[in-house]
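Just below is one structure, and these are the notes that go with it.
The values are calculated or read from the model by the stated rules, or taken from the named source; none is laboratory data. Everything quoted here is computed from the prediction, not taken from an experiment. Cβ sites come from the backbone with ideal geometry, for glycine too, and all protein chains shown count toward neighbours. These area figures cover heavy atoms from the full protein model, side chains too; ligands, DNA and RNA do not enter into them. Shrake-Rupley method; radii C 1.70, N 1.55, O 1.52, S 1.80 Å.
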Amino acid sequence: MEATGDQLILATGGYDHIIKLWQAHTGNCVRTIRFVETSQVNALDRTPDKTRLAACGYQCIRLYDIESSCAAPIINFEGVQKNVTRLGFQEDGNWMYTAGEDHRVRIWDMLSPQPHCSRVFDCQAPVNAACLHPNQVEIAMGSQNGGVYLWDVKSEVHDQLIPEVDASIQDVAISPDGQYMAAVNNKGNCYIWSLSSSPNQQLSTLSPKLKIAAHKRYVLRCKFSPDSRLLITTSGDGTARIWETEHFTMWRELCVENYWVWDAAFSADSKYVFTASSDGIARLWKLQTKNAERKYTGHTKAITALSFKDEIVTE
Amino acid sequence: MASYSNQHWLLSHIRNSFISTDDTGMCETVMLSDDMPKHYLRKYQGASVSNIATQNKQQQRKSLGNKQQFQRILDPVLQEVDFVCYPGLDQSDDEDMDSTTQSFEIQMYPEVWAHRFRSNTAQKLEKMDMARRKAAKTKSINYDEEIIPPERNDFFVKKKVTKSLQITKNNENVVRDIDVTDNIGTSSNTAVKSKLALQLANSPKQVQNKFMEYARFDGTSQAGIQTKRIHVFLSMLPERDRKTPIKICVLASAKIIEVIGLVCYKATIQYPEIPLKSIRHYALYMTEDNDAMEEFPPLDDREPCSKFGFSHLTLAERRPLAQVTRIDYANNVATKSMTSEEDKSRVAAAAVRSIQDMETNTGGISDEADSNCITNNEEYDERMMSHNDMLEAPMYRTYRLIINEKPFFKTEVTLGISGERIEIDQHKNAKFWTKQKAVTYPIDVIASCEIIEKRHLKATLRIWLKSSSSSSSNSNKTSTDMKSMTHASESSMVGGVAGAQSPKSPGHYLHVPSSFGLFSTSSGSGNSATGQHFPQMRFKHYDFEADTHTAEHILNKLSCILNVRSSEVRREFLQSRERKQDKNQAKKHLKM
């Protein structure tokens, strides 16, 4: 079955060790890929050209060609230790970053014929989250011991903060306009920093802006919308909350009662959001109405990661 | 048997058996390459020459000759052991010997191989080969390898974050509360439109698969969960597509109804132009792999699909008559059998007729026997229910109940009811009382079944049957005694109970302990009127206690059977009841 082309593909992965590709607008599953038999899917991302899907889990990182029907990965990482928690691509696909519980964030050169590691950053604690700054050289990271890091991959300088002791940072995000950085922890709190940078400055300056008691429990992910106007936080309390970045007030709350909301992704126009939850269903919400427009059913266990690459249509 | 005393034959047999049954292939590699008897023969050729002459009389022991002359020493221990040679083995030429020592089925030609079970080794090798070929396509990267800093200076390029996003953001403040997706192409100030919004707008909700909820039973690529692969033919497709089944992989735990849902889900994706009804309308039928649907009832919706081993099934509209048990009305013999369409309609018609006679099932039954013109689904279902009740009634079923013999004595029993007989079997765990023998009554002696008492959850069920003592051989004395007693009890009851038929009036019948001890016997009063045919027909009854649902089920089942058969006993029972009622009525009138 043709997986790409004109279709928009939503990729989901979860505890059933399976990655599913969905036709976003119909909710039909177009492909099912068996991930590693011993691992859940921790994070998913697509290469900027949308042809490849990268997935990471326990002791594994794999890249799949989603245009071919071959179920085998095209790239497989060997000797991976512990959980790999996040991965992502530089906007041209030149390199990929991975963050893992082996305390390290690595930069992988994907241009060379044999991809190899070209940078490593040691967080001294299991890394739960990493995210790339829109300037494509800074990476924000969050670790299990509560540390938040900002690392410039080019000059290899970094900055470290601990917003809350005895809390584990679950996710970090930087707004596409480069204005804000957000970090969420397992206590339900969300921290916001303002980022500023002068032309000759290597590393952006972090200035604390706000602390929001975003959820009652564990926050699992945070993401800014493409227009930077919204921030979504997903939690183990069965909700995903959407905050307006202007004042960081809650704008919408999406409920998947009694289930953990593991991941979320915005559409390019920031009007829709996908959520992945532990009921094994991915949902597409229209933010204006809070309606679940589509449901993507097929996973037999919790969905823990999703990836959606939308496009802006200009008329 | 003679061959079992033939050592060589035994050896060869054991050898062949090992080779042909060992799936690991190990025996084959070891044994086939080394034909031991042959080796030994060659080995001991020299030594045996002298003994050839005497071999015909008895199996000769070949003593080991000079050790040094053998170049190939296979087993040092064996060298000390005498080798028994099969008579004539050394005389035959090589071709002959090959055929005697080795089964014809064991040959190393690859084309003959196919007839044997493929050994695990072969399969393993093939799997490894596949994995290797797969791996060739997969690029492998060592996670822990050395760090090679990028050679190019422009590998990491700092991009300027465009603030244009913020500009559009400001523009959008105006649009924020207007839904962009709903008025595509109308507003010009909608700066950002996503492809997703466009596609959603172009695909209304109806396009969505209505069988979506069943997608979760898809077992494709599932690891660690049992799944089943089934090829399903879709009977609703146009001719050319009907021949190609859709392949589904379903979780083994899914029920058949959920399998149907998944098939519908897949079918909707694959053939979006074929409209499907709700899954209730469909059933899965057993099918040959050439898509010839079998004349068997569909798979039970409630069963897990793991229970069935079919590789091919057909999804078709549920046939009006799902399961048919043929009741041979002429011979009063119920047989379970699959019937032709003609028989089906005949049985159906008969069933409908008898249902119409039943008071309990008057609702929802129309005269039309042909199912094609049914428009109302509910009505149809209801009718189907009654049909099935009718048709399933003669099938054997057992119930666990409590029997009320005499007051205070309650025993657990198993009541078995079929179209031919009923059985009452006392339960095994009844330790307290000596176990009674099981009793069986042909259905012809059963007169009636009724629920005499209904409480909140429990009900008392009474089954009337012809007493075995009601034969003409009964002594006159007993019968007259009984009659007088009956009359006595009757008169004593008359004032108290209005309806003589009331089940709460056991006084109408004389209770006589029977030989069985489980039931009471009573005589039908006023049997003199029908004396010409059944001068002494008397009835006894069993009372059972059960939960209301079971009691009603039994009542329904037994009534169905009895109504269809309408035996002499039943007729007599009903008549006697009527007469009694009349009599009581008359008496009441008299009193008034």
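Once the Cβ-Cβ distance of B:K160 and B:N202 is raised to the sixth power relative to R0 = 25 Å, the FRET efficiency obtained is 0.10.
Using the Cβ-Cβ distance between B:D425 and B:H281 with R0 = 56 Å, the FRET efficiency computed as 1/(1 + (r/R0)^6) comes to roughly 0.85. Shape class for chain A, computed from the alpha carbon gyration tensor (a ≥ b ≥ c): rounded, with a/c under 1.5. Here the label points at B:Y396 and A:S207, each 7 Å from Cα along the C-beta direction, are separated by 9.0 nm in the simple model. Within the accessible surface of segment B:212-317, defined with a 1.4 Å probe on protein heavy atoms only, the carbon and sulfur portion equals 50 percent.
Which pairs, out of B:K454/B:K557; A:K20/B:K266; A:K209/B:K193; A:K50/A:K82, put more than 20 Å between their alpha-carbon atoms? Among B:K454/B:K557; A:K20/B:K266; A:K209/B:K193; A:K50/A:K82, the Cα-Cα distance tops 20 Å for A:K209/B:K193; A:K50/A:K82. Structure note, pairs B:K228/B:K255; A:K286/B:K277; A:K301/B:K139: Cα-Cα distances above 22 angstrom occur for A:K286/B:K277; A:K301/B:K139. Multiplying the residue separation of B:K410 and B:S17 by 0.36 nm and subtracting their alpha-carbon distance yields 135.3 nm.
Buried area at the A:B interface is about 6800 square angstrom, summed over both chains, from accessible surfaces computed with a 1.4 angstrom probe. Extension gain for the segment B:E552 to B:S566, taken as residue separation times 0.36 nm less the Cα-Cα distance, is 3.0 nm to one decimal.
Distance between the modelled labels on B:Q7 and B:K243, one decimal in nanometres: 6.3 nm (7 Å Cα→Cβ projection). Where does the charge balance sit around A:F248 when Lys and Arg score +1, Asp and Glu -1, over other residues with C-beta under 10 Å from its C-beta? Once positives and negatives cancel, what remains is 0.
Per-residue mean of foreign Cβ neighbours for B:150-157 is 6 (Cβ atoms of other chains, 10 Å radius).
For segment A:8-48, list residues with backbone N below 13 Å from a point placed 7 Å from the Cα of A:K301 toward its Cβ? Correct set: A:13-19, A:35-42. Once both labels are positioned 7 Å from their Cα atoms along Cα-to-Cβ, the gap between B:K134 and A:D159 label points is 4.7 nm.
Maximal additional length on extending the B:E213-B:V439 stretch stands at 76.2 nm, based on 0.36 nm per residue less the C-alpha distance. Summary of the geometry: segment A:15-80 and segment B:215-259, compared by the centres of their Cα atoms, lie 23 Å apart.
Pop the C-beta distance of A:T314 and B:Q226 into the FRET formula with R0 = 56 Å and round what comes out to the nearest 0.05. After rounding, the FRET efficiency stands at 0.65. Contact residues in segment A:260-286 (at least 40 Å² less accessible area with all protein chains than alone, 1.4 Å probe): A:D269, A:K271, A:Y272, A:K286.
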